[in-house]
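Asks: Here it is, the structure in full.
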Amino acid sequence: DQQVKQNSPSLSVQEGRISILNCDYTNSMFDYFLWYKKYPAEGPTFLISISSIKDKNEDGRFTVFLNKSAKHLSLHIVPSQPGDSAVYFCAALKRGDRDDKIIFGKGTRLHILP
Amino acid sequence: DTEVTQTPKHLVMGMTNKKSLKCEQHMGHRAMYWYKQKAKKPPELMFVYSYEKLSINESVPSRFSPECPNSSLLNLHLHALQPEDSALYLCASSQLGLAGISYEQYFGPGTRLTVT
């Protein structure tokens with residue numbers, strides 16, 4: 001049972017345009033969401049997070065939007081740059097849960113085209 | 001210092017070998033994690049240590065044995081592995097709040113393990 005879903009395995013975006021990566025979740029108990037970026041042969045790098053009490057969090061070129069009623073979040077990258085080409089993992093957790101574990105989606109590979 | 005280091009970067013071992021993977025962080029994080037990642041898959045949690053005590057074992061086979069000697073170090077001892085255990089092994093660390101809340105996890109670069 002996949003609790004965090006990234007339905008697009010890959011996405012291609014022109015350099016300078018907006019990249020939008022989507023993520024859906026099924027567990028309404030999740031209250032904290034994160035995005036990680038991963039280059040080949042490296043560990044995931046934390047990008048940005050959002051608490052369930054917010055609907056938007058912005059950090060430079062990265063903005064995460066949360067729609068709790070739809071159990072959907074998205075990561076916007078504006079403007080997209082060549083170095084943004086990587087795999088992006090959406091992740092979720094329920095803070096205070098004894099398990100303290102992050103549930104990852106399967107990832108979306110983003111290609112930034114010149 | 002926001003770095004999690006892992007050694008070795010690459011490891012090739014036979015099915016009868018004993019080896020260890022090492023992870024180190026100096027961010028004062030009191031939670032440390034081992035993940036396994038196969039190609040084109042998300043990281044899968046294996047173990048969690050909270051305050052140097054094993055708090056989660058995700059039904060990992062006993063041929064993987066974690067150890068947390070102190071708050072900065074995390075080891076993964078490997079013995080009698082199978083070829084299907086070949087994967088990228090990632091270490092991560094995070095803060096722990098009073099209620100056991102895990103904040104963002106910081107990952108190391110991983111050890112690429114090949115079992116022959």
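The values are calculated or read from the model by the stated rules, or taken from the named source; none is laboratory data. Please read these numbers as outputs of a predicted model, since none were measured by experiment. Here the Cβ positions follow ideal geometry from the backbone for every residue, glycine too, while neighbour counts run over all protein chains shown. Ligands, DNA and RNA are excluded from the accessible area calculation, which covers all protein heavy atoms including side chains. Shrake-Rupley method; radii C 1.70, N 1.55, O 1.52, S 1.80 Å.
Asks: Restricting the search to segment A:75-87, which residues are in contact with a strand residue (DSSP E or B) (Cβ under 6 Å, 6 or more places away or on another chain) and open to solvent by 10 Å² or more (accessible area, probe 1.4 Å)?
Replies: Across segment A:75-87, the qualifying residues are A:76, A:82, A:85, A:87.
Asks: Take the residues in segment B:37-59 that are within 12 Å of chain A (Cβ to nearest Cβ) and basic (Lys, Arg); name whichever of them is nearest to residue B:8 (Cα to Cα).
Replies: Out of the qualifying residues, it is B:38.
Asks: Here's a follow-up. Please find, within segment B:41-57, the residue that is nearest to residue B:27 (Cα to Cα) out of those that are open to solvent by 70 Å² or more (accessible area, probe 1.4 Å) and in contact (Cβ under 8 Å) with a residue 12 or more places away in the chain.
Replies: Applying the filter and picking the extreme gives B:51.
Asks: Identify the single condition in (1) open to solvent by less than 70 Å² (accessible area, probe 1.4 Å); (2) closer than 26 Å to residue A:82 by Cα; (3) within 11 Å of chain B (Cβ to nearest Cβ); (4) over 11 Å from the mean Cα position of the chain (by Cα) that residue A:48 does not satisfy, given that it satisfies every other one.
Replies: Failing condition for residue A:48: (4).
Asks: Right, something else. For segment A:1-42, give me each residue that is modelled with pLDDT of 95 or more, open to solvent by 70 Å² or more (accessible area, probe 1.4 Å) and assigned to a loop (DSSP other than H, G, I, E, B).
Replies: A:15, A:17, A:18
Asks: Let me ask something additional. Give segment A:28-54 a look and list any residue that's in contact (Cβ under 8 Å) with a residue 60 or more places away in the chain and farther than 16 Å from residue A:106 by Cβ, or say none.
Replies: A:29, A:30, A:31, A:32
Asks: I want to confirm something. Restricting to segment A:71-114 and keeping residues that are basic (Lys, Arg) and outside any strand (DSSP E or B), which single residue is modelled with the lowest pLDDT?
Replies: Ranking the qualifying residues of segment A:71-114, first place goes to A:98.
Asks: Now for a separate question. Looking at segment B:80-108, which of its residues are open to solvent by 50 Å² or more (accessible area, probe 1.4 Å), at pLDDT 85 or above and under 23 Å from residue B:30 (Cα atoms)?
Replies: B:106
Asks: Does any residue in segment A:55-70 that is at negative phi and assigned to a loop (DSSP other than H, G, I, E, B) come within less than 6 Å, Cβ to Cβ, of a residue that is surrounded by 10 or more Cβ atoms within 10 Å (Cβ to Cβ) and at pLDDT 95 or above six or more places away or on a different chain, and which pairs are these?
Replies: From segment A:55-70, the pairs are A:55/A:66; A:61/A:77; A:61/A:78.
Asks: Considering each residue of segment B:7-36, count those that are β-branched (Val, Ile, Thr) and away from chain A (no Cβ under 14 Å), and give that number.
Replies: Matching residues across segment B:7-36 total 2.
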